[in-house]
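> Dumping the structure here so I can ask a few things about it.
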Amino acid sequence: MPFDRIIGQEKAVAVLRNALRNGRLAHAYLFIGPEGVGKRLTALTLFKAMNCQSPPEPGDCCEKCPSCIKVNSSNHADLIILEPEGETIKIDQIRGMQKRLRFRPMEGGRRACILDSADCLNDAASNALLKILEEPPQETHLFLITSRPHKLLPTILSRCQWVKFRPLSPGQIAQILQTDQSLEDEKAHFYASLAGGSAGQAVALSDRVDFQKRLDWLRFFSSLPQKSAEEIFETCERLAKEEEEVGDLLDLWKIWVRDLVVFKVQGEGAKEGLINHDLLPDLGKDAANISFDRLEGIFGSISSIQRSLSFNVNKQLALETLMLEIKKESSMGRR
Ligand SMILES: [Zn+2]
């Protein structure tokens with residue numbers, strides 16, 4: 001069943017399906033929750049269920065009828081999806097939607113407007129949307145999707161029924177990666193652990209950081225004590241040009257340090273608790289050469305550069321400082 005494919009959001013899905021079955025769907029919903037946890041998928045599935053021509057049971061959809069097929073091929077005349085053009089959702093986009101809402105649903109069923117990243121509505125667009133929410137058109141349901149509800153006008157927030165979506169557990173994300181992205185078990189679990197509760201983030205990470213790159217970066221970390229200052233400066237210069245790359249690198253190193261601490265506490269028996277558990281021998285080698293105090297120092301340094309990078313500091317300089325510090329901390333060994 002299509003609703004079964006929405007993993008980890010049983011409560012939100014149950015509320016919505018009940019409303020659909022009882023004919024009590026609200027005109028406007030606000031789906032709140034972290035990015036990449038299934039909010040848009042839920043809105044799309046609900047729209048399919050509203051219009052399905054041969055639902056297998058009340059409040060579900062078949063995926064086979066003309067209506068379901070049109071939704072799946074982004075071709076349904078009564079499904080309007082707005083998302084930011086550039087940084088914001090603009091008033092012209094809302095006006096375009098408003099125009100379409102003047103007519104009855106074209107396919108004769110119900111209509112849905114999905115505003116993805118609704119927190120990106122600019123002021124003019126917010127006010128125009130407010131007008132629509134004040135007089136909701138017949139047979140139409142609005143779904144505002146956001147991970148940052150505090151950025152929306154209070155008057156918009158108060159006109160929507162809120163449905164909360166939860167962050168996903170690493171196990172749930174791994175399940176999604178295995179089914180939807182056909183990732184092998186080991187890789188799925190690795191990216192899932194890195195993704196901070198968001199399946200969307202895990203998919204993006206698996207695209208950006210392939211397994212070889214991860215190995216290169218982790219080995220670079222381990223070999224920092226032997227690197228010359230020139231080699232470090234060269235690497236930092238290259239890295240500083242890539243914003244996402246720096247972010248991914250720091251996340252990977254932080255998790256490596258975290259794994260080193262876990263390994264030092266639990267030894268070989270730590271396998272289950274490790275994120276990089278496929279690299280057990282490398283972890284063992286690194287862990288033997290560095291003390292808890294030094295690891296704590298390195299973890300703190302990485303966290304502080306992550307914070308300062310969000311304030312537009314000189315990326316190259318910050319990376320150089322960090323790497324030289326790690327070099328120093330690691331060279332001091334077990335003392
Ligand atoms: Zn159907």
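The values are calculated or read from the model by the stated rules, or taken from the named source; none is laboratory data. Remember, it's a predicted structure, so these values are computed and weren't measured experimentally. Virtual Cβ from ideal backbone geometry, glycine too; neighbours counted across all protein chains shown.
> Pull out all pairs, ordered by first then second residue, where Cβ-Cβ is under 7 Å, the residues are six or more apart or on different chains, the first lies in the range 45-61 and is under 15 Å from N22 (Cβ atoms) and small (G, A, S), and the second is more than 10 Å from the ligand (Cβ to nearest atom) and assigned to a helix (DSSP H, G or I).
Taking only residues 6 or more apart or on different chains, the pairs are A49/L20; G59/R17; G59/L20; G59/R21.
> Now for a different question. Return the residues of the range 29-85 that are part of a helix (DSSP H, G or I) and either more than 28 Å from R95 (Cα to Cα) or not assigned by TED's automatic domain parsing to the domain that holds G96 (or both); say none if nothing qualifies. Lay out the reasoning, then the answer.
Taking the range 29-85 first, the residues part of a helix (DSSP H, G or I) are 39-51, 66-72.
Residue satisfying the conditions is P66 alone.
> If you take the residues of the range 163-188 that are touching a residue at least 40 places away in the same chain (Cβ under 8 Å) and surrounded by 21 or more Cβ atoms within 10 Å (Cβ to Cβ), which of them is nearest to the chain's Cα centre (by Cα)?
For the range 163-188, the residue satisfying everything is L168.
> Next up: Those residues that are under 21 Å from G36 (Cα atoms) and either of a type in the set (S, T, N, Q) or under 22 Å from the mean Cα position of the chain (by Cα) (or both), I need them from the range 127-157; list them, please.
Within the range 127-157, F143, L144, I145, T146, S147, R148, P149, H150, K151, L152 meet the criteria.
> Go through the range 18-33 and give me each residue that's surrounded by fewer than 20 Cβ atoms within 10 Å (Cβ to Cβ) and farther than 18 Å from Q138 by Cα.
N18, R21
> Whether any residue in the range 99-111 is at positive phi, within 16 Å of the ligand (Cβ to nearest atom) and not acidic (D, E) is what I want to check. Walk me through how you get there before you give the answer.
Of the residues in the range 99-111, the ones at positive phi are 108.
Okay, now just the ones that are also within 16 Å of the ligand (Cβ to nearest atom), so 108.
In the following step, the residues that additionally are not acidic (D, E) were identified as 108.
Checked the range 99-111: at least one residue is at positive phi, within 16 Å of the ligand (Cβ to nearest atom) and not acidic (D, E).
> Taking the criterion of being in contact with a helix residue (DSSP H, G or I) (Cβ under 6 Å, 6 or more places away or on another chain) and hydrophobic (A, V, I, L, M, F, W, C), would at least one residue in the range 101-109 satisfy it? Steps first, please.
Looking only at the range 101-109, we keep the residues that are in contact with a helix residue (DSSP H, G or I) (Cβ under 6 Å, 6 or more places away or on another chain), and these are 109.
Add one more test, that the residue is hydrophobic (A, V, I, L, M, F, W, C), and what stays is none.
Scanning the range 101-109 turns up no residue that is in contact with a helix residue (DSSP H, G or I) (Cβ under 6 Å, 6 or more places away or on another chain) and hydrophobic (A, V, I, L, M, F, W, C).
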